[in-house]
Amino acid sequence: MKALIVKHDHTSPTGFIGERLVERGFDIKEFQVVSEESYYCPGVAVKVPSFVNFDVVVLLGAPWSVYDPIISPWFDGERKEIQCARSAGVGVLGVCFGGQAIAHTFGGMVSRAPHFEIGWHMVDSLDADLIPAGEWFQFHYDRWTTPPRATTLASSSRALQAFILDTLLGVQFHPEVNETVLSSWLAAGADMELSALGISVDRIVDETLQKQSLARLRAYRLVDGFLDSVAKVSHLRN
């Protein structure tokens with residue numbers, strides 16, 4: 001079975017999500033939308049692969065907002081592929097920007113949040129089989145409203161955190177985050193971003209090292225729930 005992972009920029013390792021998909025026996029194709037050279041001018045004309053040619057699709061995060069006009073040359077096409085995936089019954093897991101993209105595509109509102117959410121935050125779940133409650137890594141300034149006909153699955157004190165719409169699952173947090181993912185973000189400028197916000201980079205790194213063992217278990221449970229109950233694909237399970 002085939003999985004497509006859409007990486008919107010060069011700073012996004014697949015982390016725990018990629019690990020679990022491989023363990024479940026999926027052949028993974030990674031597609032990067034914006035090259036490193038275009039990172040500061042992301043309005044590139046890129047056509048994403050057809051989602052319906054895959055059994056599942058994962059949309060990772062991005063440093064931009066879904067309502068930024070500058071990304072429309074490729075984001076409009078991505079939204080059309082999300083629509084096609086839903087029509088064809090293809091499972092799509094959207095992470096942070098990816099979850100906001102699903103919400104935006106189907107009538108949810110995505111806007112700047114009153115308060116950012118960065119670091120490890122507690123998430124309360126309404127469906128522990130899909131979204132394990134506990135601490136998940138957050139790095140976002142925007143928030144969504146749940147799209148019509150979708151069901152909210154989780155929330156934090158600052159934002160809605162997950163919803164399901166047919167074979168689509170959107171999460172606001174980052175289940176993929178481990179030490180490698182965080183290091184990639186920091187190397188790309190997130191260290192200066194955190195410092196400007198008054199957030200200790202050392203503290204975030206230390207907390208990630210301390211929490212990533214349990215975070216891996218939660219992430220694996222989320223991926224399993226997505227595959228088994230949302231996308232409804234059966235393959236190897238360890």
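Read-outs: derived from the displayed coordinates by stated rules, not from any lab. Everything numeric in this text was worked out from a predicted model, so none of it was measured. Because the Cβ atoms are built from the backbone with ideal geometry, glycine has one as well, and the counts that use them run over all protein chains shown.
Structure data summary
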quantity	calculated
Filter result for the condition that a residue is of a type in the set (A, V, I, L, M), surrounded by 22 or more Cβ atoms within 10 Å (Cβ to Cβ) and in a loop (DSSP other than H, G, I, E, B), over Ala62, Ala45	Ala62
Test: Phe139 is surrounded by fewer than 19 Cβ atoms within 10 Å (Cβ to Cβ), in contact with a Phe, Trp or Tyr (Cβ under 8 Å, 6 or more places away or on another chain) and part of a strand (DSSP E or B)	no
Leading residue by the ranking (surrounded by the fewest Cβ atoms within 10 Å (Cβ to Cβ)) among those in segment 142-161 that are assigned to a strand (DSSP E or B) and of a type in the set (Ser, Thr, Tyr)	Thr151
Which listed residue is surrounded by fewer than 16 Cβ atoms within 10 Å (Cβ to Cβ), aromatic (Phe, Trp, Tyr) and in contact with a strand residue (DSSP E or B) (Cβ under 9 Å, 6 or more places away or on another chain), from Tyr40, Tyr67	Tyr67
Odd one out for Glu81, checked against (1) acidic (Asp, Glu); (2) within 28 Å of Val22 (Cβ to Cβ); (3) over 17 Å from the mean Cα position of the chain (by Cα)	(3)
Counted residues, segment 82-133 - those being under 24 Å from Ser200 (Cα atoms), of a type in the set (D, E, K, R) and not in a strand (DSSP E or B)	0
Residues that are of a type outside the set (Val, Ile, Thr), in a loop (DSSP other than H, G, I, E, B), under 19 Å from the mean Cα position of the chain (by Cα) and within 22 Å of Leu222 (Cα to Cα), drawn from segment 1-23	His8, Ser12, Pro13
First in segment 189-213 and on the phi > 0 side of the Ramachandran plot, second anywhere and among the hydroxyl-bearing types (Ser, Thr, Tyr), Cβ under 7 Å, 6 or more apart	none
